[in-house]
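The values are calculated or read from the model by the stated rules, or taken from the named source; none is laboratory data. Computed from a predicted model, the values in this text were never measured in an experiment. Here the Cβ positions follow ideal geometry from the backbone for every residue, glycine too, while neighbour counts run over all protein chains shown. Accessible surface areas use protein heavy atoms only, side chains included; no ligands, DNA or RNA. Shrake-Rupley method; radii C 1.70, N 1.55, O 1.52, S 1.80 Å.
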Amino acid sequence: MSFCFNFDVPAQTIKPDDVDGNGLKNVKKDYAATSKQDDTEPAEPLKEAKEHLPPSDPQFLLMDAVSETVTIGALPPLHFLNETVFEKTASEREDVEKILSRTAEQRSDLIPGVYEGGLKVWECTYDLLELIEKDGETFGGKAVLDLGCGAGLLGILALKRGARNIHFQDYNSTVIEQLTVPNVILNCQEDDDIENEDDKERRGKGKIQEEDGCKKQLEEKQEVKDGSPSPKKRAVDLSQHPLLAKCRFFSGDWSTFPAVVQKTGQQPKYDIILTSETIYNTAYYPALHDTLHKLLAPDGLVYLATKSHYFGVGGGLHLFETFVEQRGTFSVEHLWDGDEGLQRHVVVLRFKMPKD
């Protein structure tokens, strides 16, 4: 897998297992000359937040899908749609927002207020995954929000490690419907594969058993060269999968997101909020800060992975820390600071105590 951070600046390519960022290479063409460096305001009206329900037949989202897998240390393997194949099949995908065609035409991974980069897996996501593996966070019984989720790897990890419920949020509905939801389903299917493989060893092939109130037929697991689960193995009713039942999916601007997520009548508070590469634009800081303030549990934690600076859009950790300090709501603690290349960081935000 390769990914880049092309906010109208030279892009970078990183190996999937190079989580410390030492594999930066293959600098692509600099598109900054054709864009306004200081134009960080949204190009169009912000998108109203809304909830997306998983399709009644999730299996069709994985038809002809090509997936890849990332594994970091002792973390469970995380499966997601191959980025290159996704881009090549963009014209075949449903895209009401037209972001797939517009990003291709403008050759940019960011169009403020139109597309906010959710189709890429950025390198700081891997920094946060590595830190989670090192610290041993299991998420057991916790309510988790993957804010600015994109491919959803952080939320999927929380789901696999015992989160009580996990909500995914991204600016673009196309990202949620065409990438996040399929990735969650892909990992639910993989979870079934493991369970069925264990059942085969105990009961033999071809038997029908009662499990979680649903009958599941055990099939022989197909070999997949890249180690990823095959989307066409069997017709399983994934819409009733217990892991998928823990998930909710949202799109839209942060300024309207809390009101939508709170419509259930019970004001949700998340024990953990995971977010990666979301502070690149200073224009979004007020909405992001207010969202964290409204949705974080009193003793909750916000894990933020970020770069020191984002060329072309002006944001970065120092500016965000200054903004947070001025608001006086959260304290910021550095958990990890990378020294290679453009510095990257993982910090944790928590509500200030009276003594702070």
Here's a check for you: in the range 239-252, which residue that is in a loop (DSSP other than H, G, I, E, B) and farther than 13 Å from Cys149 by Cα is least open to solvent (accessible area, probe 1.4 Å)? His241
Just checking, does the range 264-274 include any residue being under 24 Å from Tyr115 (Cβ atoms), of a type in the set (A, V, I, L, M, F, W, C), open to solvent by less than 40 Å² (accessible area, probe 1.4 Å) and under 17 Å from the mean Cα position of the chain (by Cα)? yes
Filter result for the condition that a residue is more than 18 Å from the chain's Cα centre (by Cα), hydrophobic (A, V, I, L, M, F, W, C) and closer than 22 Å to Gly117 by Cβ, over Val332, Val347, Val302, Val260: Val260
Can you tell me which residue in the range 130-147 is nearest to Asp253 (Cα to Cα), limited to those that are in contact (Cβ under 8 Å) with a residue 40 or more places away in the chain and either among the polar types (S, T, N, Q) or crowded, with 24+ Cβ neighbours inside 10 Å (or both)? Leu147
Out of the residues in the range 275-307 that are small (Gly, Ala, Ser) and free of Cβ contacts under 8 Å to residues at least 60 places away in the same chain, state the one that is surrounded by the most Cβ atoms within 10 Å (Cβ to Cβ). Gly300
Please go through the range 337-356 and pick out each residue that is within 17 Å of His293 (Cβ to Cβ) and either part of a strand (DSSP E or B) or among the polar types (S, T, N, Q) (or both). Val347, Val348, Leu349, Arg350, Phe351
Go through the range 254-270 and report how many residues are polar (S, T, N, Q), in contact with a Leu (Cβ under 8 Å, 6 or more places away or on another chain) and at pLDDT below 85. 0
Would you call Glu177 under 21 Å from Val346 (Cα atoms) and either part of a loop (DSSP other than H, G, I, E, B) or open to solvent by 10 Å² or more (accessible area, probe 1.4 Å) (or both)? no
Which of the residues belonging to the range 89-102 are within 21 Å of Asp64 (Cβ to Cβ), open to solvent by 60 Å² or more (accessible area, probe 1.4 Å) and part of a helix (DSSP H, G or I)? Ser91, Glu92
Being of a type in the set (Val, Ile, Thr) and open to solvent by 20 Å² or more (accessible area, probe 1.4 Å), is that true of even one residue in the range 321-331? yes
Got a sec? Which of Arg350, Arg344 is of a type outside the set (A, V, I, L, M, F, W, C) and open to solvent by less than 70 Å² (accessible area, probe 1.4 Å)? Arg344
Does His334 satisfy the condition of being closer than 22 Å to Tyr126 by Cβ, in a strand (DSSP E or B) and in contact with an Asp or Glu (Cβ under 7 Å, 6 or more places away or on another chain)? no
Index of the failed condition, Glu105 passing every other in (1) open to solvent by 20 Å² or more (accessible area, probe 1.4 Å); (2) assigned to a helix (DSSP H, G or I); (3) closer than 25 Å to Arg344 by Cβ; (4) not β-branched (Val, Ile, Thr): (3)
For residues that are closer than 17 Å to Leu119 by Cβ, in contact with a strand residue (DSSP E or B) (Cβ under 7 Å, 6 or more places away or on another chain) and either hydroxyl-bearing (Ser, Thr, Tyr) or open to solvent by 30 Å² or more (accessible area, probe 1.4 Å) (or both), tally how many sit in the range 67-88. 2
